[in-house]
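A short write-up of the structure that comes next.
The values are calculated or read from the model by the stated rules, or taken from the named source; none is laboratory data. Quantities reported herein were computed from a predicted structural model and do not represent experimental measurements. Positions of Cβ are backbone-derived with ideal geometry, glycine not excepted, and every protein chain shown enters the neighbour counts.
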Amino acid sequence: MLNRRRLSRWCCAVSGGALVAVLCGAALAGPVDAQAAAKQPAPAGSPAPARQLGATPPMGWNDWYAFGCNLTEQLVEQTADTIVSSGMKAAGYDYVNLDDCWLSHERDAQGDLQADPTKFPHGIKAVADYVHARGLKLGIYEDVGTATCAGYPGSFGHVQQDANTFASWGIDFAKIDWCNVPFDQFPNLTQKQVAIKLYTQYSKALKATGRQIFFSVCEWDPTLEPWTWAPAIANMWRTNGDYGDTWAQILANLDQEAPLASAAGPGHWNDPDILQVGLGGMSTGEDRAHFSAWSMLAAPLLAGNDLRSMSAATKAILTNREVIAIDQDRFGAEATRLSHTNDADVWIRTLANGDRAVMLLNRSDSARSISTTAHAAGLPRSSAYAVRDLWAHETFESGGTIASSVPADSAVLYRVSAIHGGSAHPPLTDVAASVKAPAAFPGSTYHIVKPGQTVTATAVFRNDGTVPVRRLSMHLYGPSGWKVDHPSITAAVVPPGRSVSGSWPITVPAGTKAGSYEVNAFARYRWSGTRPAATSGQGGVLVEVPPTGSPYLSDLTWLAATNGYGPVLLDENYYGGPIAIHGVTYAKGLWTNADASIDYYLGDSCTRFTADLGLDDSDRGTGTVVYQVFTDGTKVYDSGVVTNSTPTIHVDQNVSGANILQVVVTDAGDGVTYDNADFAAPQLTCAG
Ligand code: GLA
């Protein structure tokens, strides 16, 4: 890890062995850089008594990710109006939450908090009145430390006074952060003990006001395990640090919360953080999957986008009542993960009426057919199940298999119930399509096709329903311009529980650009004599073009890259300056921070790899790394331990015959601090 980070980003810096959030720079205008269900435990705590605070997860809005410190009275009031006019209020959203920076830098003469007079000229009480008049509630932000994360007065030493202020303003929700905590005042306590002490004090202070104030613990350091102590004192608590609107970060927060389901229940919820839906960093499919996942987690649904300008697609996601009903299910049992691989998850949530919500999550960047069964989901034995697709708003009938072809980076969310007696729903069917491409080397996870090659696509249609499917015909379509040889596959009858498969030779046209492509299989059929039905599925194929000439790695598109701190950077160091080792600067290079690994496709077209290796001059310290080079999974170069004082190493490696080049930096076994390692002037010699 770096010792410090670029300005105007959030920082989690290591200090005295403990994670401390510090604000680096003030530019915060933009968004800031996740067993069987049959055995699923009952939610912690007893069923919610009537009108319990937080009986179901809170729903509302928070300004932080869209506006940072640029919140104003006008923004908050316009947002409240939009919550009403957009239908969000009717869908259940009622909290309008102010985050950091609403305050004045000084307390008043009595030591009371006061609003920033420019941002909130009429004060917070007036905003609360405005919001309450629309049937909504107002949330506020403070910190247990001496200052908020953005440097405004914290509540330390003023806890009861601040709680009283909030109550007098009519505040309904308090998010209390974990920055600038004076640990030195608690020499005999661990950080976790300090957190328990300070948050318990805040909880008591809010209760002592006599006003019902929802208590949100924003202790963002997961090593202090707030889910083990906050349920007793708070209505929700963070399960992770701050995140952003990328698919990888959604998955990370989801994964982080996977083992924590038993901590949540009516009145007290795990909080994987404010929603990223509509912030612009993700596709509609990713935003839907994110919203599906948060609903499965019984997460607070706090929209983080600018509601005033949201697109129709964003609004449709945030107001999907069938998905919200999963989040708000009154049984309050958070979903558990039934199965998990790098590519696909199955999550199950037990609902109050005995139904199960089933999320089939495709984590990967190509379509996958994902399946489970009603039995594995914990449903009682039955001859048939109703499978409600909560995004398509359609219901199908299944004999027990719950499966779907799920597009890349997305999720299918079903509500499944046992059917007693017959139903008129169409059968649940699935088409699983795939393209058989050769492995880049024996055992490689890369299956790559070059332009001009012919490969085989297959599609399997399965009838998971309880009645026969008749007059099936299945076609395969390649990306535009690709030649698919074969007519359609047909079958007169596909009985329940049976499948029909077909294969199609498919030629990747010469000149196709590198990238991921999808083939689409499309099945049409009839059932019980009614109008035709259809199902489709996609299969992914990775096309790569071998490099030519003498390219620098930083000018090529990698197949995959992992880095220990932020992304691998091209032709610059972490601070935006040039790649430099021992005073020599390089126009071309890769900046990494251990542990890093970057894969490139060579396609048996290159003979040499050369580079200068050493720690980057921008952040010299006690870093130690080891550089390694692999060709087709075999290690062909190892630098030994490289430190700050190691002279620049020149590597000149034969890579003849290799399909995949992998360049690696490890932490040399001593942790990743200061491990900023460069591949300077990293160049290939290739044919053509
Ligand atoms: C921390 C919290 C965020 C936000 C900011 C405000 O980073 O985790 O949710 O409240 O502080 O400064």
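Details
- Neighbours by Cβ (under 8 Å, 6+ apart or cross-chain): first from region 215-230, more than 13 Å from residue 264 (Cα to Cα); second more than 12 Å from the ligand (Cβ to nearest atom) and of a type in the set (Lys, Arg): 224/192; 225/192
- Complete set of residues in region 420-468 that are of a type in the set (Val, Ile, Thr) and part of a strand (DSSP E or B): 429, 431, 435, 448, 449, 454, 455, 456, 458, 460
- In the set 429, 458, only one residue is of a type in the set (Val, Ile, Thr), surrounded by 22 or more Cβ atoms within 10 Å (Cβ to Cβ) and under 26 Å from residue 505 (Cα atoms); that residue is 429.
- Here residue 566 fulfils each of the conditions (1) of a type outside the set (Phe, Trp, Tyr); (2) buried (at least 16 other Cβ atoms within 10 Å of the Cβ); (3) assigned to a strand (DSSP E or B) apart from (3).
- As a summary of the residue check, residue 480 satisfies the conditions (1) at pLDDT 95 or above; (2) not in a strand (DSSP E or B) except for the one numbered (1).
- Restricting 626, 642 to those that are in a strand (DSSP E or B) and surrounded by fewer than 21 Cβ atoms within 10 Å (Cβ to Cβ) reduces the list to 626.
- Subset of region 408-449 [on the phi > 0 side of the Ramachandran plot and assigned by TED's automatic domain parsing to the domain that holds residue 470]: 443
- Candidate set: region 360-373, residues that are more than 10 Å from residue 403 (Cα to Cα) and crowded, with 19+ Cβ neighbours inside 10 Å; chosen: the one nearest to the chain's Cα centre (by Cα): 363
- Test for residue 11: is it of a type outside the set (Ser, Thr, Tyr), within 14 Å of the ligand (Cβ to nearest atom), surrounded by 14 or more Cβ atoms within 10 Å (Cβ to Cβ) and modelled with pLDDT under 95: yes
- Selection within region 461-470 - crowded, with 20+ Cβ neighbours inside 10 Å and of a type in the set (D, E, K, R): 462, 464
- If the condition is being more than 34 Å from the chain's Cα centre (by Cα), surrounded by 13 or more Cβ atoms within 10 Å (Cβ to Cβ) and either assigned to a loop (DSSP other than H, G, I, E, B) or basic (Lys, Arg) (or both), then region 496-527 contributes 496, 497, 498, 509, 524, 526.
- Residue selected from region 220-241 under the condition small (Gly, Ala, Ser) and assigned to a loop (DSSP other than H, G, I, E, B), by the criterion farthest from the ligand (Cβ to nearest atom): 234
- Residue that is farthest from residue 153 (Cα to Cα) [pool: residues in region 53-81 that are within 12 Å of the ligand (Cβ to nearest atom) and assigned to a loop (DSSP other than H, G, I, E, B)]: 63
- Among the residues making up region 82-122, those that are outside any helix (DSSP H, G or I), under 24 Å from residue 314 (Cβ atoms) and small (Gly, Ala, Ser) are 86, 87, 92.
- Helices (runs of 4 or more DSSP H) completely within region 242-346 that count 3 or more residues being away from the ligand (no atom under 16 Å from the Cβ) and over 18 Å from residue 87 (Cβ atoms): 247-257, 284-296
- Of the listed requirements (1) within 29 Å of residue 322 (Cβ to Cβ); (2) more than 16 Å from the ligand (Cβ to nearest atom); (3) of a type outside the set (Asp, Glu), residue 111 misses just one: (1).
- All of 299, 289, 303 fail the test of being buried (at least 21 other Cβ atoms within 10 Å of the Cβ), farther than 18 Å from residue 389 by Cα and touching an Asp or Glu at 6+ places or on another chain (Cβ under 9 Å), apart from 299.
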